[in-house]
Amino acid sequence: MKQLLLLLVLINMVPAVFGQGQLAKVTISGATVERVEKTLAADAMRGRALTTNAAEAARFLAAEFKRLGLKPWPGQSSFGQTFLVYETRTVRVRAVLNKVPVAPENVLLLAGQPQLRWTSGQPNAPRVVRVGPAVDFLQEVRPLLEAKENLLILLDPAHAVRFRAQALRFNQNGRFGIDQPSPTAVVMVLLPAALPEALTFQVEGTTRIRELEAQNVVGVLPGQDKARAAEQILFSAHYDHLGIQPAVAGDSIANGANDDASGTTAVVALAEFFARQKNNVRTLVFIAFTGEEIGSLGAQHFARQLPDAKQVVADFNLEMIGRTAGSGPGTAFITGFEKSDFGTILQRNLRGTPFRFEPDPYPSLNLFYQADNATLARLGIPAHTISSAQLPTDQLYHSVDDEVQTLDLANMCAIIEAVARSAGSLISGQDTPTRILTDTAPTR
């Protein structure tokens, strides 16, 4: 604790440059960080899932943005950016191949229509696709899942592990999207053995489809220089989490204190700091995304509202900064470090301070593609996630034990202050990160 207190003192001794050469001491309110974090991660928020209490969290965040004097997103009268989410869940599915019933656990139905009944040889019969043992499962199957046609996919037994992982994911969580479901269906069958080319089939299924209202929370701090105010710097995090989970020792609420109440708290704390400065040349946009845990849906919707993605200079996406990084206190990492010079600029702006940003230490996890930043990066925006998570060893990740008492709030404040300081030359218009090549940011 003494080391962390010394770290915060040293960071605050180093001035940062904002606006037109003005000096500003970077001080993030520890009281704000603690209050916002505890509110978002409280049991009363019921895990902030779209189907539990995300709306209450959104109201709280909107009140914070109003308190800070931020403006709504252009064209909106409130801080809430509301949109529809479509949830589809399989109620039942039954498949018979060559007059032999298929075990239920070997059939997966992904449908955008309430009912289906297919019989081989009939006019409405689907196209049959066979996936052999030697092909790459993800490369072959992923495009098929996005197809807007009826498909019956027959998988060789060699793909059993991948199939069961997909089936578990979809059957437990359902499917969510911001586009109205296509009135088509994909049925995937894991074959018990190789089938002859001659094939008869009967498939029946029922799907429940419902609409949910979702809401990003977006606040804007207009740029002070009219000539540069159209240029935007984003600070983002997702406020949703997993809601109610199977009980462990009597606790069923996935509070998500680190994932990602910590990042959302940082967005509020940064908004508070920059709103006090009143000297940002470029416009600052503070975003609390919803729907990250079910496919970055909030980020997708926000991206569609951008009138010109080229005006977005950068996105600081804050994800899981509540615990100490594997490299120790006073450090955090940046995903996709090599994809733009965003990280290099931030490192340069922290020279002379005891804090340091490092490249992502877990490249095999492809973290750049696993967070909301990836949606914006696909538009060419230098959108990177800043995190201190130790994902390979974090036993609290996506558990009901991700609670406030497991966080290091002093180190979290140090990370937020480092973000504020390192953003200085971008906010003042002195630096502009290189764009991300859009073909290097595949779908999540």
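In table form, for the structure just shown:
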item: Some residue of the range 140-155 being crowded, with 18+ Cβ neighbours inside 10 Å, assigned to a helix (DSSP H, G or I) and either in contact with a strand residue (DSSP E or B) (Cβ under 6 Å, 6 or more places away or on another chain) or touching a residue at least 12 places away in the same chain (Cβ under 8 Å) (or both); result: yes
item: Residues located in the range 225-283, provided they are assigned to a helix (DSSP H, G or I) and either surrounded by fewer than 24 Cβ atoms within 10 Å (Cβ to Cβ) or out of contact with any helix residue (DSSP H, G or I) (no Cβ under 8 Å at 6 or more places or on another chain) (or both); result: Asp259, Gly263, Val267, Leu270, Glu272, Phe273, Phe274, Ala275, Arg276, Gln277
item: Some residue of the range 57-74 being within 16 Å of Asn216 (Cβ to Cβ), in contact with a His (Cβ under 6 Å, 6 or more places away or on another chain), crowded, with 16+ Cβ neighbours inside 10 Å and at pLDDT 95 or above; result: no
item: Subset tally (residues that are within 30 Å of Ala299 (Cα to Cα) and surrounded by fewer than 19 Cβ atoms within 10 Å (Cβ to Cβ)) for the range 81-106; result: 6
item: Which numbered condition Leu109 fails, given (1) in contact (Cβ under 8 Å) with a residue 60 or more places away in the chain; (2) in contact with an Asp or Glu (Cβ under 8 Å, 6 or more places away or on another chain); result: (2)
item: Residue match in the range 67-79 (condition: touching a residue at least 12 places away in the same chain (Cβ under 8 Å), outside any strand (DSSP E or B) and hydroxyl-bearing (Ser, Thr, Tyr)); result: yes
item: Flag for Asp372 being of a type in the set (D, E, K, R), assigned by TED's automatic domain parsing to the domain that holds Arg35, more than 20 Å from Leu306 (Cα to Cα) and at pLDDT 95 or above; result: no
item: Some residue of the range 195-202 being assigned to a strand (DSSP E or B), more than 18 Å from the chain's Cα centre (by Cα) and in contact (Cβ under 8 Å) with a residue 24 or more places away in the chain; result: yes
item: All positions within the range 314-334 that are of a type outside the set (Val, Ile, Thr) and under 16 Å from the mean Cα position of the chain (by Cα); result: Asp315, Phe316, Asn317, Leu318, Glu319, Met320
item: Hits in the range 376-393 - residues which are at pLDDT 95 or above and out of contact with any Lys or Arg (no Cβ under 9 Å at 6 or more places or on another chain); result: Leu376, Arg378, Ala383, Thr385, Ile386, Ser387
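Residues checked against (1) in a helix (DSSP H, G or I); (2) touching a residue at least 40 places away in the same chain (Cβ under 8 Å):
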site: Phe286; (1), (2): no, yes
site: Ala299; (1), (2): yes, yes
site: Ile321; (1), (2): no, yes
site: Glu338; (1), (2): yes, no
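The values are calculated or read from the model by the stated rules, or taken from the named source; none is laboratory data. Predicted model only: the values in this text are computed from it and were never measured. Glycine also receives a Cβ, built like all others from the backbone with ideal geometry; neighbour counts cover every protein chain displayed.
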